[in-house]
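The values are calculated or read from the model by the stated rules, or taken from the named source; none is laboratory data. Here the structure is a predicted model, which is why all the values come from computation and not from measurement. Note that each Cβ is placed from the backbone with ideal geometry, even for glycine, and that neighbours are counted across all protein chains shown.
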């Protein structure tokens with residue numbers, strides 16, 4: 001499934017890395033998404049949701065108000081997150097863990113998640 005994260009504006013791909021924990025309201029919001037997952041599981045279908053952790057689009061000022069978490073690199077889609085900073089790496093890992101815990105707690109059948117230790121290893125900068 002394409003990313004479903006909340007974003008600024010009326011139309012988008014849901015891949016703005018800023019509000020990854022909030023399904024976009026016009027797409028059904030959290031309850032609509034939970035209902036979709038439940039229906040898929042009843043039909044013996046798994047659900048894999050894409051999440052974007054490499055850039056921010058419109059609305060990035062909501063993050064920059066709290067700290068210098070963006071890299072100077074400008075991607076085609078917005079400013080890149082600065083994974084050289086520990087706080088950014090921790091955010092990505094905790095976000096993945098939150099998604100796993102939230103999905104598991106809905107009782108929506110079995111789920112398979114990438115272990116957070118693998119995500120953490122992918123975010124290391126001291127290799």
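Scan the range 52-66 for residues that are more than 13 Å from residue 91 (Cβ to Cβ), touching a residue at least 40 places away in the same chain (Cβ under 8 Å) and assigned to a loop (DSSP other than H, G, I, E, B) and report the count.
Final tally of qualifying residues: 5.
Filter the range 13-42 down to the residues that are over 15 Å from residue 53 (Cβ atoms) and not in a helix (DSSP H, G or I), then identify the one that is modelled with the lowest pLDDT.
The residue in question is 22.
Need the failing condition index for residue 10 against (1) outside any loop (DSSP other than H, G, I, E, B); (2) more than 22 Å from residue 98 (Cα to Cα), just the number.
Single failed check for residue 10: (1).
When the residues of the range 1-30 are narrowed to those that are in contact with a strand residue (DSSP E or B) (Cβ under 9 Å, 6 or more places away or on another chain) and exposed (fewer than 14 other Cβ atoms within 10 Å of the Cβ), which ends up nearest to residue 92 (Cα to Cα)?
Top of the filtered list is 21.
Which of the residues that make up the range 31-41 are touching a residue at least 12 places away in the same chain (Cβ under 8 Å) and either loosely packed, with under 14 Cβ neighbours inside 10 Å or under 15 Å from the mean Cα position of the chain (by Cα) (or both)?
33
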